[in-house]
1. Rounded, prolate or oblate: which fits the stretch 37-195 when a ≥ b ≥ c are the square roots of the eigenvalues of the alpha-carbon gyration tensor, with rounded for a/c under 1.5 and prolate only if a/b beats b/c?
2. Any chance you could run the full-extension gain for residue 349 through residue 394? It's 0.36 nm times the residue separation minus the Cα-Cα distance, nm to one decimal.
3. Within the stretch 206-242, whose backbone N sits under 17 Å from a point 7 Å along Cα→Cβ of residue 93?
4. For the residues 255, 71, what sequence is obtained by ranking on other C-beta atoms within 10 Å, fewest first?
5. Let me know the Rg and Dmax you get for the stretch 248-403 when you use only its Cα atoms, in Å.
6. State, in angstrom, two size descriptors of the stretch 291-371 derived from its alpha carbons: Rg to one decimal place and Dmax to the nearest whole number.
7. Would you list 334, 88, 312, 127 from fewest to most Cβ contacts within 10 Å?
8. What FRET efficiency comes out for residue 140 versus residue 45 if R0 is 30 angstrom and r is the Cβ-Cβ distance? Round to the nearest 0.05.
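Each reported figure results from applying straightforward, stated rules to the coordinates on display, with no laboratory input. For clarity, every value in this text was computed on a predicted model and none was experimentally measured. All Cβ positions, even for glycine, are placed from backbone atoms using ideal geometry, and neighbour counts span all protein chains on display.
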């Protein structure tokens with residue numbers, strides 16, 4: 001599979017013909033044509049009662065070579081935690097992305113979306129999370145944990161809005177950058193690893209690598225919860241000792257991340273609930289079924305055969321609670337932060353409708369957040385959410401597929 005939003009270049013060319021976009025060789029730091037200033041990007045405010053802290057971890061797995069770059073003798077990942085914070089006064093708001101990764105995404109987005117993306121757009125965006133904030137004391141045994149895997153070629157940052165919203169409702173959320181699958185991953189010291197190196201036809205192998213990445217991250221979270229520092233540089237972290245409840249772990253993913261979610265659930269019983277956002281499942285999962293609650297939220301229509309791959313085959317093989325929902329008038333990227341960014345970036349309207357549908361962005365975000373939060377509240381925090389039982393008049397945009 002190719003990077004998700006790279007398909008837009010073809011859409012732009014089809015709709016606009018000779019629409020000028022940056023050359024394919026454009027890279028961070030290269031000379032770029034002047035662009036029209038755009039409104040600063042912003043993320044929707046979290047809806048929960050908790051303030052949010054965030055930290056990033058550089059994780060090194062010495063038991064695995066990097067599967068995509070032979071010269072790398074170990075598998076290295078970046079992961080980011082969002083969590084309920086005890087206090088945030090005087091602390092800086094976290095940037096949406098680190099500087100080198102942000103510049104790389106600036107250039108790519110301008111090219112792929114035919115958008116106006118001044119250099120510094122993504123790094124310059126400040127989130128609603130505060131760097132290094134102390135962790136709030138959980139009301140019970142620890143904060144339930146939700147891990148997520150982004151879409152193919154996308155970064156952990158692409159789901160920041162959902163991560164912050166879940167953290168504001170009392171979850172510790174962990175986003176994983178799958179190195180060389182993600183479009184850009186910045187490591188401490190200013191090293192940038194980019195995507196585009198995975199050969200075609202490796203989608204199933206990619207899914208297995210992602211699942212192995214998540215399992216390793218869960219192992220390192222156990223180290224963190226035990227009071228040790230799993231960061232490869234041993235950088236300072238707030239105290240997480242006994243703050244995470246690793247008996248209550250859920251996972252979600254967008255697009256290929258949805259397939260990785262189901263694969264991880266099949267392999268690792270630590271994940272007791274999974275949610276797929278506009279993505280399918282592998283042949284392995286479809287044949288074996290899933291042992292734990294699983295929900296899918298699909299876009300209005302399948303963006304490609306992969307977005308609903310094997311779902312009808314899987315359904316009879318799930319013995320646990322399961323739901324298949326569909327968000328009316330949405331598109332494949334509706335579930336990412338680009339739903340919010342597209343207007344400010346000046347993405348051409350026909351391209352926006354192809355990728356995001358016609359649902360008003362503010363409404364799309366509100367409905368999506370409501371159902372993601374409801375799923376994890378019901379299955380990790382044991383608070384029943386009636387909107388998961390049947391269609392809700394509060395959210396008529398969300399329809400239920402036969403189950």
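1. Values: a/c = 2.04, a/b = 1.19, b/c = 1.71.
Because a/c hits 1.5 or more and a/b fails to exceed b/c, the stretch 37-195 counts as oblate.
2. Values: separation 45, 0.36 × 45 = 16.20 nm, distance 2.80 nm.
Here the segment from residue 349 to residue 394 would lengthen by 13.4 nm.
3. Backbone N within reach: none found.
4. Details: 255 29, 71 6.
Starting with the residue having the fewest Cβ neighbours, the order is 71, 255.
5. Values for the stretch 248-403 (Cα only, Rg and Dmax): 15.1, 46 Å.
6. That works out to 14.3, 46 Å for Rg and Dmax.
7. Working: 334 26, 88 18, 312 13, 127 23.
Lowest count first: 312, 88, 127, 334.
8. Working: r = 26 Å, r/R0 = 0.87.
Here the calculated transfer efficiency is 0.70.
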